[in-house]
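Below you'll find the structure, written out as structure tokens, and then a few comments.
The values are calculated or read from the model by the stated rules, or taken from the named source; none is laboratory data. None of the values given here were measured: they were computed from a predicted structure. Positions of Cβ are generated from backbone atoms using ideal geometry, with glycine treated the same way; all protein chains shown enter the neighbour counts. Each accessible area value is taken on the protein alone, full model and side chains, heavy atoms only, with ligands, DNA and RNA left out. Shrake-Rupley method; radii C 1.70, N 1.55, O 1.52, S 1.80 Å.
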Amino acid sequence: MDGGWTGRFLYIDLERQRARVFRTPEPLCKGFIGGRGFGVALLKDFIELDPFDPQMPLIFSAGPLVGAPVPTAGRGSLVSRSPLTGTVFDCSVGGRFATELKRANYDMLVIQGKGKRPLWIEIKDSDVTFHDATELQGLTTDEVSQRLGQSGSLMCIGPAGENLVRYASVLFDGHYAAGRGGLGAVMGAKRLKAVTVRGTGKVKISSSEKLQKARDDIMRLLRASPVVFGEFGLSQFGTAALVDLVHARRIEPTANFRRSYFEGSSSYSGYRIKEVFDAKKTGCAGCPILCKKKTKQGRALPEFETVSHFGALNENSDLQGIVK
Ligand code: SF4
């Protein structure tokens, strides 16, 4: 297997509480590359199952660039069948989970079955431990993060996922949401509250020289982009920097999509959020842009879509209310 892929994936059977390692099929790597491609290709044989059927797989997959020193490559894909739309669904997810999974020497995590009791899973390199999650039932994702966040990168659900709400999210590292399609409910149907992963290995690289050249090219282009690294760009003000951009172009969804311009949007712009909350930069593993924002206390601050939809879409310019 070339660099990038580990050539292995971790299969979890929740009903038997068994973990097995399989080879990542080479045709899958060549034909579908990774991330979304792996997940969707594997889901093909199960797509007619009900999303809450225990045999419906929940797949977290990472592409070949994850874990390598490539800008913005620290993301993974969570894939299953959506209980909301009934279609194949993949969520692109940030944070550290994909990188830790690759460092633990896996390209993918494939979860099937349903726990006989609520479970959470701890993965440390080749060690996989199944824990009773009865005491975690009913906890919010923030509360689970406080309890399990030290065990590694964390994906977890809150009460919405447990109760099979069809638009429930899966939250990663307390900040990054697999936020569409209700894959949190698929996880809840499996009685799986959380998964943590920690890896100590390194990702194989075929040619460090070629990779460095590609990285230099990407960084040069990113640095030339005013939207990314400019004075008022994403790196400085987070994705909420886009509030001013769409406002200036009069393309902000307003009043439930009836208009495209909202007078009050400067009250929740990226600039304003940074000023009011003294916001700090954060972001996905290995990313030089770091387009997320958090408070000094480490609490996640909302991104563009959240502020724009709780703001202009609802004709609301109350920043504190939006953040709350
Ligand atoms: S921090 Fe932002 S720019 Fe960097 S990989 Fe994550 S989402 Fe993309």
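Quick one: which of 310-318, 186-194 comes out on top by average Cβ neighbours within 10 Å, and what's the full order, highest first?
Details: 310-318: 18.6, 186-194: 25.7.
Sorting 310-318, 186-194 by mean packing, highest first, produces 186-194, 310-318.
At a Förster radius of 56 Å, what calculated FRET efficiency corresponds to the Cβ-Cβ distance of residue 167 and residue 218, to the nearest 0.05? Numbers along the way, then the final one.
On the way: r = 35 Å, r/R0 = 0.62.
For residue 167 and residue 218, the calculated efficiency is 0.95.
Quick one: of 102/190; 190/324; 30/193; 202/324; 124/210, which pairs are farther than 28 Å apart, Cα to Cα?
Details: 102/190 24 Å; 190/324 31 Å; 30/193 33 Å; 202/324 39 Å; 124/210 31 Å.
190/324; 30/193; 202/324; 124/210, as the Cα separations exceed 28 Å there.
Quick one: putting +1 on the C-beta of Lys and Arg, -1 on the C-beta of Asp and Glu, what dipole do you get for the stretch 8-198 around its Cα centre, in Debye to the nearest 20? Intermediate results must be reported in sequence, preceding the final value.
On the way: 24 positive and 19 negative charges, 59 e Å.
For the stretch 8-198, the charge dipole is close to 280 debye.
Note down the magnitude of the dipole of the stretch 208-323 about its Cα centre, charges +1 on Lys and Arg C-beta and -1 on Asp and Glu C-beta and zero elsewhere, to the nearest 20 debye. Kindly include the intermediate steps, with their values, before the conclusion.
Numbers: 18 positive and 13 negative charges, 76 e Å.
Computed charge dipole of the stretch 208-323: roughly 360 debye.
Per DSSP H run of at least 4 residues, take -39500 (n - 2.57); add these up for the chain, divide by its residues and hand me the 222 nm value, nearest 500 deg cm²/dmol. Don't skip to the end; give the middle numbers.
Details: 13 runs with 93 residues, N = 324.
The per-residue figure over the chain is -7500 deg cm²/dmol.
Would you mind putting 119-127, 207-215 in packing order, based on average other-beta-carbon counts within 10 Å, highest first?
Working: 119-127: 18.7, 207-215: 12.2.
Going from most to least packed, we get 119-127, 207-215.
At what distance in angstrom do the alpha carbon centres of the stretch 1-73 and the stretch 218-258 lie from each other?
Cα centroid of the stretch 1-73 versus Cα centroid of the stretch 218-258: 33 Å apart.
Hey, if you put +1 on the Cβ of every Lys and Arg and -1 on every Asp and Glu Cβ in the stretch 170-324, which of 254, 188, 233 ends up farthest toward the positive end of that dipole?
The Cα lying farthest towards the positive end belongs to 188.
Can you tell me the relative contact order of the stretch 66-216? Whole percent, Cα pairs under 8 Å, sequence separation 6 or more.
Numbers: 347 pairs, mean separation 43.9, N = 151.
So the answer I get is 29 percent.
Nearest-5 percent of antiparallel DSSP beta bridges in the stretch 8-198?
On the way: 35 of 46 bridges.
Around 75 percent antiparallel, to the nearest 5.
I'd like to compare 150-159, 9-18: which one has the highest average count of other Cβ atoms within 10 Å, and what's the full order after that?
150-159, 9-18
For the charge dipole of the chain, defined by +1 on Lys and Arg C-beta atoms and -1 on Asp and Glu C-beta atoms about the Cα centroid, which residue among 323, 302, 279 has the Cα displaced farthest towards the positive pole?
Highest projection toward the positive end goes to 279.
Where nothing but the Cβ of Lys and Arg (+1) and of Asp and Glu (-1) is charged, how large is the charge dipole of the chain around its Cα centre, in debye to the nearest 20?
Working: 45 positive and 33 negative charges, 108 e Å.
About 520 debye.
Ordered by residue, what ³J(HN,Hα) values in Hz, to whole numbers, does the stretch 85-92 give under the Karplus form 6.51 cos²θ - 1.76 cosθ + 1.60, where θ = phi - 60° and Gly and Pro are x?
Each residue's phi maps through the Karplus curve to give 10, x, 9, 4, 10, 10, 10, 7 Hz.
Loop only per DSSP, at most 12 neighbouring Cβ atoms within 10 Å: give me the chymotrypsin sites (Phe, Trp or Tyr not before Pro) in the stretch 238-268, ordered by residue number. Intermediate results must be reported in sequence, preceding the final value.
Values: sites: 257, 261, 262, 268; in loops: 257, 261, 262.
For chymotrypsin sites (Phe, Trp or Tyr not before Pro) across the stretch 238-268 that sit outside H, G, I, E and B with at most 12 neighbouring Cβ atoms in 10 Å, the list reads 257.
Identify, among 60, 34, 99, the residue whose Cα sits farthest towards the positive end of the charge dipole of the stretch 23-113, taking +1 on the Cβ of Lys and Arg and -1 on the Cβ of Asp and Glu, with the dipole about the Cα centre.
Checked the options; the winner is 99.
Could you tally the net charge around residue 291, taking each other residue with its Cβ under 10 Å from the Cβ of residue 291, Lys/Arg +1 and Asp/Glu -1? Mind showing how you got there, number by number?
Working: positive: 281, 292, 293; negative: 303.
Net of charged neighbours comes to +2.
Quick one: accessible surface of residue 162, probe radius 1.4 Å, all protein chains present, in square angstrom to the nearest 10.
Its accessible surface works out to 40 Å², give or take rounding.
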